[in-house]
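Just so you know, all these numbers are worked out from the coordinates, no wet-lab data involved. Note that the coordinates shown come from a computational prediction; the quantities given were computed from them, not determined experimentally. Methodologically, a virtual Cβ is constructed for each residue, glycine included, from the backbone with ideal geometry; neighbour enumeration extends over all protein chains shown.
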């Protein structure tokens, strides 16, 4: 639904086949595993242990001498297997899905709208033609009172074709549209036959019983772009490729910074009055401004020369600054995706240790309270991770802190919930809080 709401404007009215839409939805669904898998583990762990607690099965397990941690070990192993699978998915399958989706979505956005003729409306989507039909039958092919304006690319003349009736027929696997016209007249303008110096033009009028007008529909077919053009995007690279591109871009950043010194050093050279470098002379004490050392007749020339040098230096620095910003943005994108490969798999383990003890504490199964608690916990995780990722791209946080801050915050929370569940805490028991406040109020009354 998110995909359809986001890209529906790029697909309406372009005549795509159902397979193209299904491909886009499939690839987009694969890209959403990064969000869906941690939420699924969190929700399923809360529901499972909540159902065990609600049916007193955890009590039976503990009465048999099995601790909660020991009872969780099989699921811990299973979640670790899911984490390894998530890492392999993010490293091998997710880049391919992003590449397929990105290239296909690019072609969909650049696709022309489908060639459709509506009643009483000129259609100019066909290059060089404007077509209008006053009436259109229910079959969608028969047209009445057809008017076609032809705009040749070679000259400025306009040719007009009028027909009482026409029928649209697609031929050669929908590559061409043939418009069979009946009972019409054609008006065609052309240059006169008496040379280029004759300003008069020639108008030719011809009537016909039947004729055909053929249009090329190849421009309305989905043209696929080479996927290799998109492979340098950070979301479409695996772990080894991300490291390679990160090192390459880092080399570009270092080279650009080193070139600043080489570019600006010629403007800060020491030159004597004779134009010789390295000539040592005694320091001169200047009273007043620096222009006092220059003769009045040469001051304008010196000021203009200084302004020209400042302008050149400023332009050079702006170019280097733009390059550094572009290289830095690309570098941060590669680093973010590099860390995301690991945070996806580890988030499954951390959220399991948040959800499993939380379900054991609240002791509610099903799709009621566990869903609410799971969504709230996941929103905290997702919001913190999103803020951290944007902070990394803005440069306000280091990549390690920004990409791992959500896991850093949830790990002690999971350890705390595990401890409370082991000690049979009543952390979410409303009756215990009510009894506590009643005792507190009774003490105040006494």
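Determine, for each peptide in 59-71, 22-34, the mean count of other beta carbons within 10 angstrom over its residues, then list the peptides with the highest first.
Numbers: 59-71: 12.4, 22-34: 15.6.
Averaged packing, sorted descending, gives the order 22-34, 59-71.
Cα centroids of segment 371-418 and segment 128-154: how far apart, whole angstrom?
First find each Cα centre; the distance between them is then 59 Å.
Take the Cα pairs of segment 294-350, get the Kirkwood Rh, then feed it into Stokes-Einstein at 25 °C and 0.890 mPa s and tell me D in µm²/s.
It diffuses with D of about 158 µm²/s by this estimate.
Could you order the peptides 378-384, 100-106, 321-327 from most to least packed, using the average number of other C-beta atoms within 10 Å per residue?
Peptide ranking by packing, descending: 100-106, 378-384, 321-327.
By counting other Cβ atoms within 10 Å of each Cβ, how are 165, 212 ranked from fewest to most?
Fewest to most other Cβ atoms nearby, the residues stand as 212, 165.
Report the extension gain between residue 29 and residue 202 in nm, rounded to one decimal, defined as 0.36 nm multiplied by the number of residues separating them, less their alpha carbon distance.
56.1 nm
If neighbour count is taken as other Cβ atoms inside 10 Å, put 312, 249 in order from fewest to most.
Going from least to most buried by this count: 312, 249.
Dividing the convex hull volume of the Cα atoms of segment 1-81 by its residue count, what figure in Å³ per residue is obtained?
With only Cα atoms used, segment 1-81 gives 120 Å³ per residue.
How much length would be gained if the chain were fully extended between residue 141 and residue 240, taking 0.36 nm per residue of separation minus their Cα-Cα distance, in nm to one decimal?
Working: separation 99, 0.36 × 99 = 35.64 nm, distance 5.51 nm.
Length gained between residue 141 and residue 240: 30.1 nm.
At 0.692 mPa s and 37 °C, plugging the Kirkwood radius over alpha-carbon pairs of segment 316-422 into Stokes-Einstein gives what diffusion coefficient in µm²/s? Intermediate values should be presented prior to the final figure.
Numbers: Rh = 15.7 Å.
Stokes-Einstein gives a translational diffusion coefficient of 210 µm²/s.
Expressed in nm to one decimal, what extension gain is obtained for the pair residue 252 and residue 121 from 0.36 nm per residue of sequence separation less their Cα-Cα distance?
Here the segment from residue 252 to residue 121 would lengthen by 41.7 nm.
What order do you get for 12, 185 when you list them from fewest to most C-beta neighbours inside 10 Å? Please report the intermediate quantities before stating the final value.
Numbers: 12 10, 185 13.
Lowest count first: 12, 185.
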